[in-house]
Amino acid sequence: MVQSTFAAVLDALHDLARLALPAGLLLGAGLIALLLLSLLDRPRARAALGWLTAQAPQVAAWCLVALALGAGLLAVTVTRRAVDTRLSAQQSARYANAADPDGGQTAQQAPSAALLETRTYTRSLALPRDVVTRIGVNDGWSQLLPYLGGAAGSVQDLQEGFTRQGETLTYSRAVTLLTERPVDLDRAAIRANLAFTDPAGGRASFYNAAFDATYAFTNPLDEAATMRFFFPLPQGSGTLSGFQFVVNGKPLRPGTALEGAAWEGEVPARGTVRVQVRYAHQGARAWSYVLSRREALRDLDLTLTTNRPAKFQRYALFPTSQTRTVLGSQHTLRWRLTDVITAQDVAVVFTGGNLRETLHKVHLGQAAALGLAALLCVLWALTRRLPLRPLTLTMSLLGLALGFVLGGVLTAYLPPLLAEGAGSLTGLGLAWLLLSPVQRRYLRVPLVLCAALPLTFLSGGHAGLLVTALATLALLTLQWPAREVRAA
């Protein structure tokens, strides 16, 4: 980051060097105007020169404020470019110095229950006499069996052969297959918790997911039958930890679990089987619960809790209820469906925004906050008829800019919210300490508003509302006390 910072400083100085020519031309034009005025009207020129000489210290002091503001803007711009360069290098780097999330957009497919049945299929074929005469080889008809093809599916028993009655040859086959008849689930109670984390170093945010589901299905026959339950593993989830597969209170090991966990066993007549599945994993950006087929949902209760606002995929199942805490830090989404037939999925998407784009907005907001801090402090002093020393304002602006730079540097070590929050608090503290005791009392409000301005872009889509609220608060606090002073 140091090398990229130096490169950004050189680029910024190069841009400032381009402003030297217009500034020199402007200064030269002023000197020429003063020289022409002295030639045409010497007394007025002397008066103007005397006024400039008398106001030179004050003008120089306010020029120092402008230089401090320019230096602060330069420092914030350099920090913005350096942070953007670092994030770009991290995203395209082949190696990393920290663990990346091992999951992406996770899709959990709904499980299936089935009734296992055996069915026997028979087929017979009588060959004409001329065909028998043409292919007959010493009556060795059994040699043709391997060429007649095998039976597809899960074959439990296969019986085939040739029988001859007179001059007629008959081929017969009896195949017993194991078939699955789908059975609707009586109840599916699912709890999923997605806890989003913003890792340090500018890496992409991800969520730690905890999945806990309970399923129940019943043998629809009046006699004992063999049933099968299959739970597919989630797609895009990476490594699953703490995986538990419990059937009727008995934990089972999933085995190889190439595609999912399965259970098969004898269920008594009208008996009910309860299955519990738990696991944890990491994911990012989206989570969905996919229905495997157009099925009847007798009782589906899916509750999703998350600490980020969610959006819903179009044409997917919309939650039946939504709740959130007072500050909006915890969102609870619930899908409660009874006796419905649907093939729609539950699909939520979290649009947290690109980290580079978010930090870019934060650093642009810091540049705007520096300019607003200088303007509001001057207006605050004018409306309250307070003396404002330019040197004090200069040091406060430099302290606020230093805090903003610190926030950009800390993004390499802390999550963005903590890093930028610590930077704004540090800048606010430095700006407040560098003020005089009288000015600390009256100028703390504009400094607090300006320090909080860049943090609004970390609010997750509410920046416009927060910026408007800060502007309204600044206007009210700027005008209301001034009216009281004039009225008094």
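The values are calculated or read from the model by the stated rules, or taken from the named source; none is laboratory data. What you see is a predicted model; the values in this text were computed from it and never measured. Methodologically, a virtual Cβ is constructed for each residue, glycine included, from the backbone with ideal geometry; neighbour enumeration extends over all protein chains shown. Ligands, DNA and RNA are stripped out before the accessible areas are found, and what is left, the full protein with its side chains, is counted by its heavy atoms. Shrake-Rupley method; radii C 1.70, N 1.55, O 1.52, S 1.80 Å.
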Report summary line: With DSSP loop assignment and no more than 15 other C-beta atoms within 10 Å, the trypsin sites (Lys or Arg not before Pro) in the range 279-375 are Arg293, Arg294, Arg314
Report task. Using the charge dipole of the range 352-483 (Lys, Arg: +1 at Cβ; Asp, Glu: -1 at Cβ; taken about the Cα centre), state which of Gln366, Pro390, Leu402 has its Cα farthest towards the positive end. Result -> Pro390
**Report entry** Neighbourhood net charge (10 Å Cβ-Cβ; Lys/Arg +1, Asp/Glu -1) for Arg298
**Finding:** -4
Report task. Would you please name the GluC sites (Glu not before Pro) within the range 230-339 that are DSSP coil residues with at most 11 other C-beta atoms within 10 Å of their C-beta? Result -> Glu259
Report task. For an R0 of 41 angstrom, estimate the FRET efficiency from the Cβ-Cβ distance between Gln235 and Arg444 and round to the nearest 0.05. Result -> 0.15
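Show me the ranking of peptides 193-199, 177-183, 453-459 by mean Cβ neighbours inside 10 Å, starting with the highest.
Descending mean neighbour count gives 453-459, 193-199, 177-183.
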Requested in this report: Enter the accessible area per residue of the range 378-488 (Å², integer; probe 1.4 Å; all protein chains in place).
Outcome: 53 Å²
**Report entry** Contour minus Cα-Cα distance for Leu418 and Thr118 (0.36 nm per residue)
**Finding:** 101.7 nm
Query - Part-to-part distance (alpha-carbon centres) for the range 261-339 and the range 399-476, which is given in Å - result: 41 Å
Report task. Tally up the carbon and sulfur contribution to the accessible surface of the range 298-364 as a whole percent, 1.4 Å probe, everything protein left in place. Result -> 52 percent
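How high is the relative contact order of the range 178-286? Use alpha-carbon pairs under 8 Å, at least six apart in sequence, and give a whole percent. Mind dumping the intermediate values first?
Working: 216 pairs, mean separation 37.3, N = 109.
Over the range 178-286, the number comes to 34 percent.
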